[in-house]
Amino acid sequence: MSRLLFLLPLLTLAILAGFFSWSLLSGRDPASIGSVMVGRAAPTLPASLGDGLVKSGKPVLVNFFASWCAPCLAEHPMFERLKSREGATIIGIAWKDKPEATRAWLQRLGDPFARLGFDQDGKIALDWGLSGVPETYLIDAQGIVHLHFRGPITERDLGTILPLLRGGS
Amino acid sequence: MLLVALLLCLPALAVEPSEMLKDPVLEARAREIGRALRCVVCQNQSIDDSTAEVAHDMRRAVRERLAAGDSDAQVMDFMVARYGDYVLLKPPFKTRTLALWFSTPAVLLLSVIGLWFAARRRSAALGPAPLSDAERARLDALPDGKNGVIPSEARDP
């Protein structure tokens, strides 16, 4: 019995090593705060943004961005692609950005948005449980949030977005 | 004067004067709530401690809800509906958080039980063995110090 006790430190080490390698390999993000929006009806958008697009029988992407945000610049080509190749309906909401700066940014890079909104005081964002920019939501044809990305959309995320986008239309 | 200055410095909060409510009672409630809500971009700071943009918006929303007549619990629910339980600095007690609440007391309990067993075994091993009948008989046969014989002088036969 007391012989076995000497194995205890070794066992502890093995458990810790197992946990750390699982953490590394599973792609778990300990900084992720998750989202309670997924599976729920999308929060209401101002009429000028949402009417006729959300719950119109076609999935919609809602993207919060800002012209001052570098990751938004990085993900911008993804939205251009989603719009031109997939015909995706994307609602863009500029968060804490000057409208003229947003417009200049879109003019320079291209405007993939079906509609553009401004959330200068962050009030829309709060209703959507936004933590910062960029964040993107995929809302299905019935107006239910299916995906909530915190951070920029990458090539890899298209793999999850596209089936939902195509399947729901 | 210095004391006053020091006291003024104590609450090093991120709450800006422009955010504060005029009603001191409501503002006090807002502070109470703000200390219990986690800033969603800074891991372990309350929204009152954080200068993040989102924390600022959340503080303002708390005050707006309070001014609209919400109870403290309603304000908390408002935030949980948007950001989930993550936003509460004190995690709620539910099935999903049982491990969180009970693992620490469980470790403590196990250590106490382990220590208790170890201590018992040690004292059993180190303590003097009880006298055998022969030893007791010899001890009884020894003369008392009171009778003029110093115990240390008693020798084995």
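Give me the pairs: first residue in segment B:72-92 and touching a residue at least 24 places away in the same chain (Cβ under 8 Å), second residue of a type in the set (Gly, Ala, Ser) and outside any helix (DSSP H, G or I), beta-carbon distance under 7 Å, and six or more apart or on different chains, which are they?
From segment B:72-92, the pairs are B:Tyr83/A:Gly129; B:Tyr86/A:Gly34; B:Leu89/B:Ser46.
Among the numbered criteria (1) touching a residue at least 12 places away in the same chain (Cβ under 8 Å); (2) in a loop (DSSP other than H, G, I, E, B); (3) within 14 Å of another protein chain (Cβ to nearest Cβ), which one does A:Phe64 miss?
Condition not satisfied by A:Phe64: (2).
Of all residues in segment A:98-121 being touching a helix residue (DSSP H, G or I) at 6+ places or on another chain (Cβ under 7 Å) and under 18 Å from A:Gly50 (Cβ atoms), which is farthest from the other protein chains (Cβ to nearest Cβ)?
Our first condition is that a residue be touching a helix residue (DSSP H, G or I) at 6+ places or on another chain (Cβ under 7 Å); within segment A:98-121, this holds for A:109-110, A:112, A:115, A:117-119.
From the residues that got through so far, the ones that are under 18 Å from A:Gly50 (Cβ atoms) too are A:112, A:115, A:117-119.
On the way: A:Pro112: 25, A:Arg115: 23, A:Gly117: 16, A:Phe118: 15, A:Asp119: 10 Å.
It comes out as A:Pro112.
Please state which of the following conditions B:Ala134 fails to meet, knowing it meets all the rest: (1) surrounded by 12 or more Cβ atoms within 10 Å (Cβ to Cβ); (2) away from every other protein chain (no Cβ under 14 Å).
(1)
Can we say A:Asp140 is within 14 Å of chain B (Cβ to nearest Cβ) and crowded, with 18+ Cβ neighbours inside 10 Å?
Spelling it out, it is not the case that A:Asp140 is within 14 Å of chain B (Cβ to nearest Cβ) and crowded, with 18+ Cβ neighbours inside 10 Å.
Readers should treat all values here as calculations from the given coordinates under stated rules, not as data from a laboratory. The shown structure was predicted, so the numbers you read here are calculated from the model rather than taken from an experiment. Cβ: placed from backbone, ideal geometry, glycine included. Neighbour counts: every protein chain shown.
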